[in-house]
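Here is the structure we will look at.
The values are calculated or read from the model by the stated rules, or taken from the named source; none is laboratory data. Please read these numbers as outputs of a predicted model, since none were measured by experiment. Heads up, the Cβs are rebuilt from the backbone with ideal geometry, glycines too, and the neighbour counts pull from every protein chain shown. Quick note on the areas: whole protein, heavy atoms, side chains included, nothing else; ligands and nucleic acids left out. Shrake-Rupley method; radii C 1.70, N 1.55, O 1.52, S 1.80 Å.
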Amino acid sequence: MLLAWTFALPALAEDGYDLWLRYKPLPEAQARQYRELGAELVAPVQTPTQQAARDELVRGLGGLLGREPAQAAAVRRNGALVVGTPASVPQLASLQGDLEGLGEEGYLIREARIDGRKATVVAANSDVGALYGSFHLLRLVQSGEPLAGVDVRESPRVKLRVLNHWDNLDRYVERGYAGESIWDWHRLPDWLDPRYTDYARANASIGINGTVLNNVNTSAQALTPLYLEKTAALASVFRAYGIKVYLSARFSAPIEIGGLATADPLDPAVRQWWKDKADEIYRTIPDFGGFLVKANSEGQPGPQDYGRNHADGANMLAEALAPHGGIVMWRAFVYSHEEPDDRAKQAYTEFVPHDGVFADNVLVQVKNGAIDFQPREPFHPLFGAMPRTPLMMEFQITKEYLGFATHLVYLGPMYEEVLRADTHARGPGSTVAKIIDGSLESHALTGMAGVANIGVDRNWSGSHFDQANWYVYGRMAWDPHASAEEIARDWARMTFSTDPAVVEPVVSMMMGSHQAVVDYMTPLGLHHLMGRGHHYGPGPWVEGGPRADWTSVYYHRADARGIGFDRSATGSNAVAQYAPPVAEQFGSIDTVPEDFLLWFHHVPWDHRMASGRSLWDELVSRYGRGVDYVRGMRRTWSTLEGKVDQERHHQVAVFLGIQEKEAQWWRDASVAYFQTFSRRPLPAGEAEPPHDVEYYKSLQFPFAPGDGK
Ligand code: GCW
């Protein structure tokens, strides 16, 4: 009895806190191959980063293989693990030449002879490179990959790989679905929650090297001495893991906390204030990363308040940070109250004229699409349109528009779709990935940002599968050319099991899940149809209110004739912002991919689709297809009962049930609503929505999580 109870305990501990770094014992058949590797570890501990790498290896190999490796200064037996740089481990000096070209953060993993014996080596030019390599090695072992003949050579293709936390100082997380902020500001700087270290470990394991701690809609308080001291405390935890801290800067801070009468970027007193502020920050945090700025967007202050432009604003901050090596990430998510034109065009209109004018330490941070993290958007027309400015990708990891944390939606395929899109900026093959990694226009300063989905929930991300989105974001920031499917496989192996009977069904569920959410929420290029404010649930009927482009009717434009936003030459002509071959493809109803049909065109209800169906029939069938996919995921997941620990299995199963209900609700409400325009019957075999539109409109969710405040 007692024995059974003791054995039952570890299953209870699977609450998701350990993320993909679970290090549970490998099945004996897999563990056997690592016996020698796990016996002896040569890894220095002279610096905090070296210590972090060795701690991780001891923890990881100890957990996976059932015993901690013995630590040694020299290799005494075959098969040992040797980790470090030529400077920290003299035996690695012979690898100096091979390390060339790997840069500050790269590493190699291979077999080599050390001290006359065969060893597995993780070698790098810097401690942080060795830390990244250690995590990679652990991933191989976690996945049961054979190490015989291992030959890994990795270095990041993007320089700044950053999380953006939309966390307020009162711990409220805007668009957060995983509980309140993990930054316990009130108890900082003294109380360093152990969670901060685990956060840093998780990020370092996927190569994330920066974090913006506060919301882009920020209070200027974040820049006061009180908060800088707290930020410095977090930086002191993250430093060992190669992670720099950044802060969102409120453009009007010189007024609010500086006592000045203006924040005009050309005013000498304002410029001096920012220089002094930067000096103060770097006295407190010598390796501070820089500022992220949301200016003149959704009511935030900015240079345009003073008749100046984005470059004036960004360059002023850049000048203050430059002496310290800091950078400015200036967001292109702008749309003004006055601008009556198609919202999708505004960022391009405001930014392209300033190409080449931004200071060297400025990146312009562009959301993946021109509207706002919709379930599917065509790539943002700014990609390819500002060759002389480093453009940083902004992806959303938190699922503001994709079902919050309860829907199982793996974002890897969406990130991949955007990164692989061809802008044709310099002829065919000018992918977004090549703009982000700087290779297309030879930019050395490159970056990717992901809006974090992290909160105090035990499982960090609000659901077990949302951890995969944090994971894939990091891996794609490291390598924007990487494959979403391979990353899903790595994640599933580390997170659930190395058993292919678990991994393959899980990967297949994940890979189709993005298309499914597009289908049941916004098929065929529809967008921005969610509930007002909180963005929970369907709201295709949303109209009125302060501005047209915060409604749904502005975007879908359904009428008796058809549906969709005409952005072709006969409409807003947003297509003209793309390079000519793309503009041509998107601009014609005959050549636009069906996935973007209603994004770019107002299409008659009886338009013939590739399937042979009318647009109306196709639309209804896409909605149904999305719901069916969720049903399929439920079935697949139920077959994994007993193969995945009970606690996590149960929560995923329940969440899939919520997802199915909500997918059905999206489908029913949308079909009922659009039918009032199409006035057509549902295609054969499609169920009538159980309620009329008035019912769906009447549903209210005043306390849905994550709304902006
Ligand atoms: O996606 C929208 C969100 C806002 C957010 C804004 C932005 C932080 O609804 O909550 O504000 O975009 O990206 O600035």
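Numbers for the structure displayed
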| quantity | calculated |
| --- | --- |
| Close pairs from region 155-180: first away from the ligand (no atom under 15 Å from the Cβ), partner in a strand (DSSP E or B), Cβ under 6 Å, at least 6 apart | Val158/Met448; Leu160/Gly210; Leu160/Gly447; Arg161/Met448 |
| Gly427, sole failed condition from (1) over 22 Å from Phe373 (Cβ atoms); (2) within 16 Å of the ligand (Cβ to nearest atom) | (2) |
| Selection count where residues are under 18 Å from Gly403 (Cβ atoms) and within 15 Å of the ligand (Cβ to nearest atom), scope region 695-709 | 4 |
| Residue, farthest from Gln346 (Cα to Cα), within region 544-583, restricted to residues that are open to solvent by 40 Å² or more (accessible area, probe 1.4 Å), assigned to a loop (DSSP other than H, G, I, E, B) and aliphatic (A, V, I, L, M) | Ala560 |
| Criterion: surrounded by 21 or more Cβ atoms within 10 Å (Cβ to Cβ) and within 27 Å of the chain's Cα centre (by Cα) - qualifying residue of Phe596, Phe586 | Phe586 |
| Among residues of region 234-249, those that are open to solvent by 10 Å² or more (accessible area, probe 1.4 Å) and either within 16 Å of the ligand (Cβ to nearest atom) or not hydroxyl-bearing (Ser, Thr, Tyr) (or both), counted | 5 |
| Where Arg175 falls short, out of the listed (1) assigned to a loop (DSSP other than H, G, I, E, B); (2) surrounded by fewer than 19 Cβ atoms within 10 Å (Cβ to Cβ) | (2) |
| Among (1) part of a helix (DSSP H, G or I); (2) open to solvent by 10 Å² or more (accessible area, probe 1.4 Å); (3) away from the ligand (no atom under 16 Å from the Cβ) - the single one Met414 does not satisfy | (3) |
| Long-range neighbours under 8 Å by Cβ, at least six apart or interchain, first residue within 16 Å of Asn573 (Cα to Cα) within region 585-598, second open to solvent by 30 Å² or more (accessible area, probe 1.4 Å) and hydroxyl-bearing (Ser, Thr, Tyr) | Gln585/Thr591 |
| Number of the condition not met by Met494 [criteria: (1) assigned to a loop (DSSP other than H, G, I, E, B); (2) away from the ligand (no atom under 16 Å from the Cβ)] | (1) |
| Residues located in region 150-172, provided they are charged (D, E, K, R) and in a loop (DSSP other than H, G, I, E, B) | Arg157, Lys159, Asp170, Arg171 |
| Any hit, region 380-391, residues being under 30 Å from Ile658 (Cβ atoms) and more than 16 Å from the ligand (Cβ to nearest atom) | no |
| Helices (runs of 4 or more DSSP H) enclosed by region 249-342 - at least 1 residues per element that are assigned by TED's automatic domain parsing to the domain that holds Pro381 and of a type in the set (Ser, Thr, Tyr) | 268-284 |
| Scope region 340-379; condition over 24 Å from the mean Cα position of the chain (by Cα) and within 16 Å of the ligand (Cβ to nearest atom); matching residues | Glu350 |
| Output for region 178-187, where each listed residue is surrounded by fewer than 19 Cβ atoms within 10 Å (Cβ to Cβ) and farther than 14 Å from Pro705 by Cβ | Asp184, His186, Arg187 |
| Failed item in (1) in a helix (DSSP H, G or I); (2) out of contact with any Ser or Thr (no Cβ under 8 Å at 6 or more places or on another chain); (3) open to solvent by less than 40 Å² (accessible area, probe 1.4 Å), with Leu226 passing the rest | (3) |
| Residue, farthest from the ligand (Cβ to nearest atom), within region 199-218, restricted to residues that are touching a Phe, Trp or Tyr at 6+ places or on another chain (Cβ under 9 Å) and within 18 Å of Arg171 (Cβ to Cβ) | Tyr199 |
| Odd one out for Glu688, checked against (1) within 30 Å of Val502 (Cα to Cα); (2) out of contact with any Gly (no Cβ under 9 Å at 6 or more places or on another chain) | (1) |
| Residues located in region 423-444, provided they are closer than 26 Å to His136 by Cβ, touching a residue at least 40 places away in the same chain (Cβ under 8 Å) and open to solvent by less than 30 Å² (accessible area, probe 1.4 Å) | Val432, Ala433, Ile436, Asp437, Gly438 |
| Residues within region 599-612 that are surrounded by fewer than 21 Cβ atoms within 10 Å (Cβ to Cβ) and among the hydrophobic types (A, V, I, L, M, F, W, C), tallied | 3 |
| Residues of region 293-310 satisfying the condition of being touching a strand residue (DSSP E or B) at 6+ places or on another chain (Cβ under 8 Å) and either away from the ligand (no atom under 16 Å from the Cβ) or touching a residue at least 60 places away in the same chain (Cβ under 8 Å) (or both) | Val293, Lys294 |
| Residues of region 346-383 satisfying the condition of being among the β-branched types (Val, Ile, Thr) and either open to solvent by 10 Å² or more (accessible area, probe 1.4 Å) or on the phi > 0 side of the Ramachandran plot (or both) | Thr349, Val352, Val357 |
| Residue check, Ala124 among the hydrophobic types (A, V, I, L, M, F, W, C) and at pLDDT below 95 | no |
| For Gly66: the one exception among (1) surrounded by 15 or more Cβ atoms within 10 Å (Cβ to Cβ); (2) on the phi > 0 side of the Ramachandran plot | (1) |
| In region 184-210, residue nearest to Tyr241 (Cα to Cα) [restricted to those that are touching a Lys or Arg at 6+ places or on another chain (Cβ under 7 Å) and of a type in the set (A, V, I, L, M)] | Ile208 |
